[in-house]
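The values are calculated or read from the model by the stated rules, or taken from the named source; none is laboratory data. Worth saying up front: this structure is predicted, and the values here are computed from it rather than measured. Neighbour counts are summed over all protein chains in view; Cβ atoms, including those assigned to glycine, are modelled from backbone coordinates with ideal geometry. Ligands, DNA and RNA are excluded from the accessible area calculation, which covers all protein heavy atoms including side chains. Shrake-Rupley method; radii C 1.70, N 1.55, O 1.52, S 1.80 Å.
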Amino acid sequence: MLTTLRRIVLEFAQNTELESALLHMVTQVKSALNTDCCSIYLADHDKEQFVLMASDGLAKDSLGRTRIGFSQGLVGLVAQREEPINISNAHKHPKFIKAPEVQEDDLHAFLGTPIIHQRKVLGILSIQQKKSRYFNENEEAFLVTLSAQLAMAIASAEARELISLGSILKSKQLKGVSGSSGVAIGEMVVIQPKIRLQTISLKRHKNLSVELARFEQAVHETRLEFDNMTAKLSNVISDSSLDIFEMYKQLLDNANIGHEVQGKINDGWNAESALKLVIDSYIVQFEALDDPYLRERASDIRDLGNRILINLFDGSTGLTESQGAFILVAEDVTASMLAEYQHSGLKGIVSMSGSNNSHAAILARALGLPAIMGIDKIPLDQFHQQTAIVDGYSGELFISPNEALRREYQHLIEEEYALADKVKQVEKLPAITLDGKGIELQLNAGLSSGFEHSINVGAVGVGLYRTEIPFMNQSCFPSELQQTTLYEQVLSSFPKQPVTMRTLDVGGDKALPYFPIVEDNPFLGWRGIRITLDHPEIFLQQVRAMIKANYGHNNLEIMLPMISDISEVDEATRLINQAYYEISSELTLIGDEKLSKPKIGMMIEVPGVIFQLRDFASKVDFFSVGSNDLTQYLLAVDRNNAQVSDLYDSYHPAVLRALNAIAEESSKYLVPLSLCGELASDPAGALLLLAMGYDKLSMNPHNIAKIKWVIRHVELQRAKTILSHAMSFTSAKQVHTYLRGQLEVLGLGGFVRAGM
Ligand code: PEP
Ligand code: MG
């Protein structure tokens, strides 16, 4: 039985056409179970009906036509109960509905099982037999197992076969991850570059100097394009996301990829082959990395390679100019595609590959364009010129939306525009409530190499400078001097404003290419402070660099990640003091300038710490909650696992109560408190944290103005009332519904919408 089951599922998944896959499958099931009929119904969620999609046993001309309401008939009953229903004589069952066109008068026994994917009923699989009898346990087990296995295959086949199924089910919804929030409606423009490195076959050249000259010219043109892109975008973008083009230009330099390609041309390859060889080897290296941010850099390198390739030929990207509002759809939307198109009606992006770490997503956020990344693989060209709605809050794409849906989203877009204008007006004003309660908004920085663009977004210093990235972009640990130079740049960019630098936080999902860690449970293993305290030489070098860089600026604060035990704070403080005294004696201090001692704070990310805040309070100068990890550890949900992503929710009552308890304890022991996870940049999250009494919220630069606007339009007392209600709920869902309603009442609904 198991082999038959496996074969049926495998053959189903391999069939590229959904309707024929379903037909083949019902025939196989009917024969495997030696019964008289097998049918499959798929859900049309818009119309709340099941459509008979395939059957071996029911009348052929009812396929695609017979529809049963979600709560009607035996099919509806199976869906409602979400369990198998086994009936010896269906005709006598009170829920039985006669549908003459299917011709089932002689079929008496009925067994139906729901096909459920991610808690959603996708359809019903049923078998029927002439003889009136109950199906036995083995038959039932077979059908249940098959339905469970088919669920995934049907979910992805539906996505693949979107258009043909769409002709029956009309508008269609696909799900990816949110790369950038916001909503857009427009015609989809599918971009398939004319030429790509993947399609180049390797060839040797006949004339060395011609190939070198071709390559040099292509690099020159590519560099000019990047200059143009930067110039075009710098009027619109106010943060570090433009640095991608600087990085591209550096890579083009003779010392980097440019040099390696010339080497391959010298070895006898023509220019495009040499380029392909070099780019492919970089891609392989990046794709092998565990860290999701670095893995995404493979796509940047591919983008760069394809740009040069196009310039090796006629320089035309194969992209068609579009009129009016459009949504850019591509297998891999790249940063340069975005740069090229953002002035010509681009309203949103949909990328089959990538995640919210992709540079396209980073740029889309900076440009305020909604983006969906990593959407199910689908036949691209079929989408060209169809109307779609991009919901960048939820990561949903609606193709050929019906009029009602379209109207609803159009309304949201209008509200969003109005809000964006208002928000800009408060960018430089303090974050202060209507009744005068102030809260400091700070920047999260360090995820990309630049930060210069973030200086003027209206924040008060840096609440979290992630130091991992300079460690990751290297082939060995950066030297003390390298680190000092970098940290000095950061500290000097924010004169007289605090800059909180976090000590190296690798492990978990962030690995250093030159320092591999292999563990069964990386998030519960050697991570953050645990690694650096086991390697005091690395820790000391880093804090020495920070303290040296702080000389003359005096705005450094050091923050310790992943603290779970008092001894870690003691040991880290001892090492920081040691570094401080060493540097004091090494530096020649100018005049009466003193080397200032940085404040030392710790992150609250491990739930156990919450029960020991009194003990920690006397050891540190400040607490900063890492709500991303705290949520993951409190709820035991891997923050990167899509399978359980529905359970990962910082609005879960347990998380809210933990955050509130932290605020109460911190205030009791007079420890300044901030929060630097994603929750701070969510309007509802910011309101709750304000009400709890958090002193500072740290977030990405592009969220500062929005959160300021929210804070400036509420009274502390009102926020407190909202908090006390929110804390009384028993599920995250209730919390979301309540908060969404409250934000609407406050006139802040436009910021959250589907995203909450
Ligand atoms: C956090 O865990 O909330 C945090 C800010 O740190 P990171 O996201 O870098 O783990
Ligand atoms: Mg963390």
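Given R₀ = 30 Å, FRET efficiency for residue 288-residue 120 by Cβ-Cβ distance, to 0.05?
So the FRET efficiency works out to roughly 0.30.
Along the positive direction of the dipole of segment 12-81 (beta-carbon charges: Lys, Arg +1; Asp, Glu -1; about the Cα centre), which of 75, 64, 54 reaches farthest?
It is 75.
Along the charge dipole of the chain, which of 286, 176, 43 sits closest to the positive end, that is, farthest toward it, with unit charges on the beta carbon of Lys, Arg, Asp and Glu (+1, +1, -1, -1)?
So the residue we want is 43.
At 1.4 Å probe size, with every protein chain present, just tell me what the per residue accessible area of segment 1-105 comes to in Å².
So segment 1-105 comes to 50 Å² accessible per residue, rounded to a whole number.
Report in % the part of the accessible area of the chain that belongs to carbon and sulfur, leaving out ligands and nucleic acids; probe 1.4 Å.
51 percent
Cut-off under 21 Å on the C-alpha distance; same-chain residues fewer than 8 positions from residue 594 excluded. Which lysines are left, in chain and number order?
496, 548
Stokes-Einstein diffusion coefficient for segment 349-505 at 4 °C in a medium of 1.567 mPa s, Rh from the Kirkwood formula over Cα pairs: what value in µm²/s?
Answer from the Stokes-Einstein relation: 67 µm²/s.
Under the classification rounded if a/c is under 1.5, otherwise prolate if a/b is larger than b/c and oblate if not, where does segment 572-729 fall, given a ≥ b ≥ c as square roots of the Cα gyration tensor eigenvalues?
Since a/c reaches 1.5 and a/b is larger than b/c, the shape of segment 572-729 is classed as prolate.
Among rounded, prolate and oblate, which fits segment 245-296 when a ≥ b ≥ c are the square roots of the eigenvalues of its C-alpha gyration tensor, a/c under 1.5 means rounded, and a/b larger than b/c means prolate?
Oblate, because a/c is 1.5 or more while a/b does not exceed b/c.
Calculate log10 I(q)/I(0) of segment 367-449 for q = 0.11, 0.24, 0.25 Å⁻¹, where I(q) comes from the Debye formula with a single equal point scatterer on each Cα and nothing for solvent.
-0.54, -1.25, -1.29
Taking 7 Å along the Cα-to-C-beta vector as the label spot, tell me the residue 668-residue 130 distance in nanometres, rounded to one decimal.
Between residue 668 and residue 130, the simple spin-label model gives 7.7 nm.
To the nearest 20 debye, what charge dipole does segment 1-60 have about its Cα centre, counting +1 at the Cβ of each Lys and Arg and -1 at the Cβ of each Asp and Glu?
280 debye
Rounded if a/c is under 1.5, else prolate if a/b is larger than b/c, else oblate: which is segment 1-133, with a ≥ b ≥ c the root eigenvalues of its Cα gyration tensor?
Rounded, since a/c falls under 1.5.
If you place +1 on the Cβ of every Lys and Arg, -1 on the Cβ of every Asp and Glu, and leave all else neutral, what size is the dipole of segment 514-589 about its Cα centre, to the nearest 20 Debye?
I would put it at about 260 debye.
How large is the helix-only mean residue ellipticity at 222 nm for the chain, computed as the sum of -39500 (n - 2.57) over DSSP H runs with n ≥ 4, divided by its residue count, in deg cm²/dmol to the nearest 500?
-13500 deg cm²/dmol
Take the cross-link list 599/708; 668/706; 437/706; 668/720 and give me the ones stretching past 21 Å between alpha-carbons.
Over 21 Å apart, Cα to Cα: 599/708; 668/706.
Round to the nearest 10 and give me the degree value, 0 to 90, for the angle of helix 653-668's Cα axis relative to the longest principal axis of the chain.
In the chain, helix 653-668 runs at an angle near 20 degrees to the longest axis.
Counting heavy atoms of the protein chains only and a 1.4 Å probe, report the per residue accessible area for segment 599-708 as a whole number of Å².
Each residue of segment 599-708 exposes 35 Å² on average to a 1.4 Å probe.
Enter the mean projected area of the convex hull around the alpha-carbon atoms of the chain, in nm², rounded to one decimal.
Approximately 37.4 nm², given one-decimal rounding.
For residue 140 and residue 712, FRET efficiency with R0 = 56 Å and r from the beta-carbon atoms, rounded to 0.05?
0.40
What does the extension gain come out to for residue 410 and residue 524, with contour length at 0.36 nm per residue minus their alpha carbon separation?
So the extension gain works out to 36.6 nm.
Taking the simple approach of a point 7 Å from Cα along Cα-to-Cβ for both residue 745 and residue 594, what is their distance in nm?
5.2 nm
Can you work out the FRET efficiency for the pair residue 617 and residue 13, with r the C-beta to C-beta distance and R0 = 56 Å, to the nearest 0.05?
Efficiency, from the Cβ-Cβ distance: 0.50.
Take residue 20 and residue 721, extend 7 Å from each Cα along the Cα→Cβ direction, and tell me the distance between the two endpoints in nm.
If labels sit at residue 20 and residue 721, their model points lie 6.4 nm apart.
Taking residue 92 as the anchor, which lysines have their alpha carbon closer than 17 Å to its alpha carbon, excluding any fewer than eight residues away along the same chain?
130, 131
Using a 1.4 Å probe, what is the accessible area per residue for segment 444-590, in Å²?
Dividing the accessible area of segment 444-590 by its residue count gives 39 Å².
In nm, what is the difference between 0.36 nm times the number of residues separating residue 497 and residue 93 and their Cα-Cα distance?
138.0 nm
Could you pull out which residues in segment 670-712 have an amide N less than 13 Å from a spot 7 Å beyond the Cα of residue 432, following the Cα-Cβ vector?
Answer for this model: 712.
What does the extension gain come out to for residue 482 and residue 515, with contour length at 0.36 nm per residue minus their alpha carbon separation?
Length gained between residue 482 and residue 515: 10.0 nm.
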